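A short worksheet on the structure shown next.
No lab work stands behind these numbers, since they all come straight from the coordinates. Computed from a prediction, not measured in an experiment: that's the story for all the values here. Cβ: placed from backbone, ideal geometry, glycine included. Neighbour counts: every protein chain shown.
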Amino acid sequence: MIWESLENFEKAGVKSSEEALKSLLAEAELTDALEQLSEMENLYPSGIGKGVVLYKKRIKDRNPELYIKIASPPVEYNSFDGVPISIFCFLITPLDDTLYLKYLTRLYRLINFSSFRERLLKSESLEEVRKLIKREEEGFET
C-alpha cells in the first residue's frame, strides 16, 4: 500500500526544514502550496518526534503519493522532543477520509519503529526503500 505510493526518496544536504519542504513540494509539483503549508506549519508543526517531520496535503482526485528526504546532517527543528530532523516525509492523499487515515496510521506505525528508521537512514535508493516499506507492511493487518 504505502510502498506503492512512494514516488521519491532522496538523501540531501538540506540546511533547514523550509528548504526540505520546498524541495519536497517541487518533487510533487506542488510549489504553489508552499505558502499554505508554511502557514499550517507555523500553527501546527509537522514534527512527530524521533527525528521525523511528516508534512501532509489532501488533494481532490489525486492518488496517494509519498516523498521522503533524508537530511544529512540532521536539521535543527522546534520539535517537541528536541531531536534534530533526519527524515522528512510528505504524504499526499485524496480527500477520502478513510484512505487518508489508513495511510497516515500505517506511516506513523512504520516510523514509530526505531529499527525501521535506522534502516531507512541507511537506504541508498528508491527501490531499496520500497522493499523496506513493503516488507514492514506485510506484517500489518489490512
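List of remarks:
- Residue-wise HN-Hα coupling along the stretch 28-37, computed from phi with Karplus coefficients 6.51, -1.76, 1.60 (Hz; x: Gly, Pro): 8, 6, 10, 4, 5, 8, 4, 4, 4, 5
- Extension gain, Ser114 back to Asn42 (0.36 nm per residue minus Cα-Cα distance, nm): 23.2 nm
- For the stretch 1-42, GluC sites (Glu not before Pro) are listed when DSSP marks them as loop and at most 12 other Cβ atoms sit within 10 Å of their Cβ; the list is Glu29.
- Phi angles across the stretch 69-84 convert, under the Karplus curve 6.51 cos²θ - 1.76 cosθ + 1.60 with θ = phi - 60°, into 3J(HN,Hα) values of 10, 9, 8, 9, x, x, 9, 5, 7, 7, 7, 5, 9, x, 7, x Hz, Gly and Pro given as x.
- The peptide list 107-113, 68-74, 122-128, put in order of mean Cβ contacts within 10 Å with the highest first, becomes 68-74, 107-113, 122-128.
- Extension gain for Leu34-Ser125 works out to 30.1 nm (0.36 nm per residue, less the C-alpha to C-alpha distance).
- Helical contribution to [θ] at 222 nm, DSSP H n ≥ 4, -39,500 (n - 2.57), averaged over the chain, rounded to 500: -13000 deg cm²/dmol
- Only one residue of Gly49, Tyr67, Ser17 has its Cα farthest out toward the positive end of the dipole of the chain, where Lys and Arg carry +1 and Asp and Glu -1 on Cβ, and that residue is Gly49.
- Residues whose amide H lies under 5 Å from that of Arg62, counting only those 5 or more places away or on a different chain, are Leu95; hydrogens are built 1.01 Å from N in the peptide plane.
- Shape class for the chain, computed from the alpha carbon gyration tensor (a ≥ b ≥ c): rounded, with a/c under 1.5.
- Per-residue 3J(HN,Hα) values for the stretch 97-113, derived from phi via the Karplus relation 6.51 cos²θ - 1.76 cosθ + 1.60 with θ = phi - 60°, read 4, 4, 5, 4, 5, 5, 5, 4, 4, 5, 5, 4, 5, 4, 5, 5, 7 Hz in sequence order (x marks Gly and Pro).
- Magnitude of the charge dipole, the chain, Cβ model with Lys/Arg +1 and Asp/Glu -1, debye to 20: 380
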